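J.: I'd like to ask you about the structure that follows.
The values are calculated or read from the model by the stated rules, or taken from the named source; none is laboratory data. No experiment lies behind these values; they were computed from the predicted model shown. We place every Cβ from the backbone using ideal geometry, glycine too, and count neighbours over all the protein chains shown.
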Amino acid sequence: MLCPSCGSPVLGAFCSRCGAHVPTPPPIYSVPQPILLASRVQQHINILGVLWCVYGAYRAMTGIVAALILMGISTPGFYGGLGSPQGIPFMSDSPWMSGLAIVIVLVTGVIALLAIATGVGLLQRKPWGRILAIVLAILSLIKIPSGTALGIYTLWVLVPSASGAEYDAIADHS
């Protein structure tokens with residue numbers, strides 16, 4: 001800084017040569033950079049995608065286990081003679097359970113594939129991923145406790161109107 005009276009360099013508030021008061025310039029504040037906050041959808045979309053894939057695998061496994069149990073019940077002697085007349089009486093002739101097992105495998109297989117497709121759609125930011133996730137979240141609410149928890153979490157993240165705009169902004173429209 002230079003003295004306005006004599007032009008000599010000044011280190012303080014007064015000039016050491018002429019004694020003139022040198023006003024200090026006001027501090028220069030820079031404009032703070034805005035903090036970029038990730039939206040709620042961006043923060044949770046990867047977690048939702050992974051959870052839907054895991055839920056799909058879980059549904060597939062439970063459907064297969066249920067079908068195997070029903071197939072075993074419908075086959076006499078499969079569980080060590082439980083289906084015989086000396087075992088449990090209602091299990092002696094239950095061929096309809098094998099048909100029920102096929103229906104269970106088909107229904108849980110479709111639900112599992114839809115859940116995995118939802119997870120992949122969310123992870124890849126597909127435009128249809130949000131809609132499919134909302135529909136499956138509503139349908140999974142009756143599957144206590146895992147489906148209910150995943151359904152509530154999905155609806156909390158994806159249903160608000162602001163979430164729709166945020167998802168459209170990050171969606172891969174290619």
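J.: Out of the range 2-32, which residues are hydroxyl-bearing (S, T, Y) and in contact with a Ser or Thr (Cβ under 8 Å, 6 or more places away or on another chain)?
T.: S8, S16 - these are the residues of the range 2-32 that are hydroxyl-bearing (S, T, Y) and in contact with a Ser or Thr (Cβ under 8 Å, 6 or more places away or on another chain).
Okay, residues lined up against (1) at pLDDT 80 or above; (2) exposed (fewer than 15 other Cβ atoms within 10 Å of the Cβ):
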site	(1), (2)
Y29	no, yes
L37	no, yes
R40	yes, no
V65	yes, yes
S74	no, no
F90	no, yes
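J.: Sticking with this structure for a sec: Just one of the numbered conditions (1) under 13 Å from the mean Cα position of the chain (by Cα); (2) outside any helix (DSSP H, G or I); (3) hydroxyl-bearing (S, T, Y) is not true of S174; which one?
T.: Result: S174 fails condition (1) only.
J.: Being modelled with pLDDT of 95 or more and either polar (S, T, N, Q) or in contact with a Cys (Cβ under 8 Å, 6 or more places away or on another chain) (or both) narrows it down to one of A137, A115, so name that one.
T.: A115
J.: While we're here: Look at L141 and say whether it is more than 11 Å from W52 (Cα to Cα), aliphatic (A, V, I, L, M) and surrounded by 15 or more Cβ atoms within 10 Å (Cβ to Cβ).
T.: Taking the combined requirement at face value, the residue satisfies it.
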